[in-house]
Amino acid sequence: MYYRRRLLLALLQSLGGRVEKMRLHKLLLLYMKQRGEMAYDFVPYRYGAFSFQANADLVACTTRGLVANHEKEWELLDKEDHSAALKPNDRALLRTVLERFGTMDRDSLVRDTYVRFPYTAIRSAMADRLLNAAERRAVAESLPADTPEGLYTIGYEGLDLDAFLNKLIRARVAVLCDVRRNAYSMKYGFSRKQLAGACEGVGIRYEHLPELGIASDERQELASQADRDALFARYAKRTLPHTRSDQEHIAQLIAEHGRVAIMCFEHEQQCCHRGTLAQAVVRLPGFTGQLVHL
């Protein structure tokens, strides 16, 4: 079992084995922050901090009969002592977190996380009710105000879904354009339907533009940067001239929404066709803004 799942199930076990979903995510956030090493990242969701990866892990545990997924609660069915399987420091930190926060009622717990981590409340439907004026200002100021408008590029290599979304949110990206030919991934969260739903949940519009991608059979045997550069040169010659309307669509989205990102897999943009595509969009007549690689 992944150790991060041990942490999650140990938390659920220590809370008596049945916990409201919202409470579990908030206590998991506090536990991860206490650890310092974040086994889970969190995005600002409708009710504050939420981890898509933790939720996916819990769903995976249901298929193994370890956990039951009720409408508003998670229930631990497994009888193994997950707390005993933790590293001693993690077990001690879990006790500390639950001693401090475990008996809080839901609203008090949610409010506490908003005050400690204002960024988690930027999309909250509860913030106006739970926070005072000064605390709401802190939430409003938790995102950088000076992110440039223009075209962003991003790859999800090395990132889980939550970390990927946080990069976009903190850059104030409004629209994510997926420029993979086939928007499918073995990695959780990055297939088209999953990614579209996650983006919608954090206020980012998702579009798939498959014509701007490169067929998988063309991406074989890329052993060096020279191989990749040759591929991108062919892409510039064969694909870009025939996809002008898609490129202009991206530029129009930027004009309408301010910040648009194009995405693919590779972390380094020079290893990905999106770098070549980005240069083509930037060269379009009337393009304004900056080009930023996240």
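Bear in mind these aren't lab numbers, they're just calculated from the coordinates by the rules spelled out. Computed from a predicted model, the values in this text were never measured in an experiment. Every residue, glycine as well, gets a Cβ built from its backbone with ideal geometry; the counts of neighbours run over all protein chains shown.
Quick look at the values:
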{"item": "Given charges at Cβ of Lys, Arg, Asp, Glu: the chain dipole, positive-most of Thr63, Leu212, Tyr47", "result": "Tyr47"}
{"item": "Per-pair calculated FRET efficiency, R0 = 25 Å: Lys87 and Thr62 via Cβ, rounded to 0.05", "result": "0.45"}
{"item": "Local electrostatic count at His70 - Lys and Arg +1, Asp and Glu -1, tallied over other residues with Cβ under 9 Å", "result": "0"}
{"item": "Long-range lysine pairs (8 or more apart or interchain), the stretch 68-212, Cα under 25 Å", "result": "4"}
{"item": "Environment charge of Thr113, counting only residues whose C-beta is closer than 10 Å and scoring Lys/Arg +1, Asp/Glu -1", "result": "+3"}
{"item": "Helix-only [θ]222 nm of the chain, DSSP H runs n ≥ 4, -39500 (n - 2.57) each, per residue, nearest 500", "result": "-14000 deg cm²/dmol"}
{"item": "Two-site label geometry, Glu248 and Arg192: point separation in nm, points 7 Å out along Cα→Cβ", "result": "2.4 nm"}
{"item": "Between helix 3-14 and the chain: long-axis angle, C-alpha atoms, 0 to 90°, nearest 10", "result": "30 degrees"}
{"item": "Fraction of beta bridges assigned by DSSP in the chain that are antiparallel (%, nearest 5)", "result": "35 percent"}
{"item": "Overall form of the chain per C-alpha gyration tensor (a/c, 1.5; a/b vs b/c)", "result": "prolate"}
{"item": "Acute angle (nearest 10 degrees) that the helix 52-63 long axis makes with the longest principal axis of the chain, alpha-carbon atoms", "result": "70 degrees"}
{"item": "Gyration tensor verdict on the stretch 155-294 (Cα atoms; rounded if a/c is under 1.5, prolate if a/b is larger than b/c, oblate otherwise)", "result": "oblate"}
